[in-house]
Amino acid sequence: MAQEQPACAMKPEQLQQLLLASREAKKAAYCPYSHFPVGAALLTRDGKIFSGCNVENASYPLGICAERTAIQKAVSEGSKDFLAIAVSSDVQDDFITPCGACRQVMREFGTKWAVYMTKPDGTYDVKTVQELLPASFGPDDLQKT
């Protein structure tokens with residue numbers, strides 16, 4: 001079902017709950033322009049799940065992706081230590097992957113947490129943030145002189 005999983009302390013039932021939460025979040029997507037619903041569910045190290053969906057806008061650049069919605073919800077509620085995120089869409093042919101902006105926002109909170117990219121049939125591929133955004137720029141780079 002999945003490729004080699006990155007090292008993380010997630011129980012199988014947590015993974016199933018996370019995957020389900022991302023599929024459920026997709027149902028709330030507001031995507032009247034692209035007709036491309038996406039859902040995301042973010043698991044914190046203390047076991048909380050924050051979900052999000054994409055929200056489009058007639059002024060296209062003002063839309064926001066599901067992954068960033070979930071991350072912003074978590075941060076706004078005081079959570080910044082993430083274990084994994086799952087992303088779901090209706091794409092049949094390949095696993096849904098986060099866009100570049102979402103990858104950069106994920107990177108803000110570390111490189112070693114897991115990103116589960118899914119298909120509607122329940123299969124998934126998993127990578128770390130580091131694998132999705134190698135040689136990345138992050139908070140530690142701002143400390144270099």
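Before we move on, is A66 within 12 Å of the chain's Cα centre (by Cα), open to solvent by less than 30 Å² (accessible area, probe 1.4 Å) and within 18 Å of Y33 (Cβ to Cβ)? Explain how you work it out, then say what you get.
Numbers: within 12 Å of the chain's Cα centre (by Cα): yes; open to solvent by less than 30 Å² (accessible area, probe 1.4 Å): yes; within 18 Å of Y33 (Cβ to Cβ): yes.
Taking the combined requirement at face value, the residue satisfies it.
Go through T123, T145, T128 for me and flag whichever is open to solvent by 50 Å² or more (accessible area, probe 1.4 Å) and either touching a strand residue (DSSP E or B) at 6+ places or on another chain (Cβ under 6 Å) or of a type in the set (S, T, Y) (or both).
Details: T123 fails: open to solvent by 50 Å² or more (accessible area, probe 1.4 Å); T128 fails: open to solvent by 50 Å² or more (accessible area, probe 1.4 Å).
It is T145.
Inspect all residues belonging to region 50-63 and state whether any of them is of a type in the set (A, V, I, L, M), open to solvent by less than 20 Å² (accessible area, probe 1.4 Å) and in contact with a strand residue (DSSP E or B) (Cβ under 9 Å, 6 or more places away or on another chain).
No, that holds for no residue.
Each row is one residue, and each column tells you yes or no for (1) assigned to a helix (DSSP H, G or I); (2) modelled with pLDDT of 95 or more.
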site: V91; (1), (2): no, no
site: M106; (1), (2): yes, yes
site: K112; (1), (2): no, yes
site: D121; (1), (2): no, no
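Going by the conditions given, is I96 open to solvent by less than 60 Å² (accessible area, probe 1.4 Å), part of a loop (DSSP other than H, G, I, E, B) and closer than 24 Å to L20 by Cβ?
So I96 passes the test.
Yes or no: region 70-81 includes at least one residue that is out of contact with any Phe, Trp or Tyr (no Cβ under 7 Å at 6 or more places or on another chain), of a type in the set (K, R), modelled with pLDDT of 95 or more and not in a strand (DSSP E or B).
Looking for residues that are out of contact with any Phe, Trp or Tyr (no Cβ under 7 Å at 6 or more places or on another chain), of a type in the set (K, R), modelled with pLDDT of 95 or more and not in a strand (DSSP E or B), one finds none in region 70-81, hence no.
Picking from A28, A58, A40, which residue would you name as being touching a Cys at 6+ places or on another chain (Cβ under 8 Å), part of a loop (DSSP other than H, G, I, E, B) and not basic (K, R)?
A28
The values are calculated or read from the model by the stated rules, or taken from the named source; none is laboratory data. These figures come from a predicted structure and were not determined experimentally. Cβ: placed from backbone, ideal geometry, glycine included. Neighbour counts: every protein chain shown. Accessible surface is based on the protein model in full, side chains and every heavy atom, while ligands, DNA and RNA are left aside. Shrake-Rupley method; radii C 1.70, N 1.55, O 1.52, S 1.80 Å.
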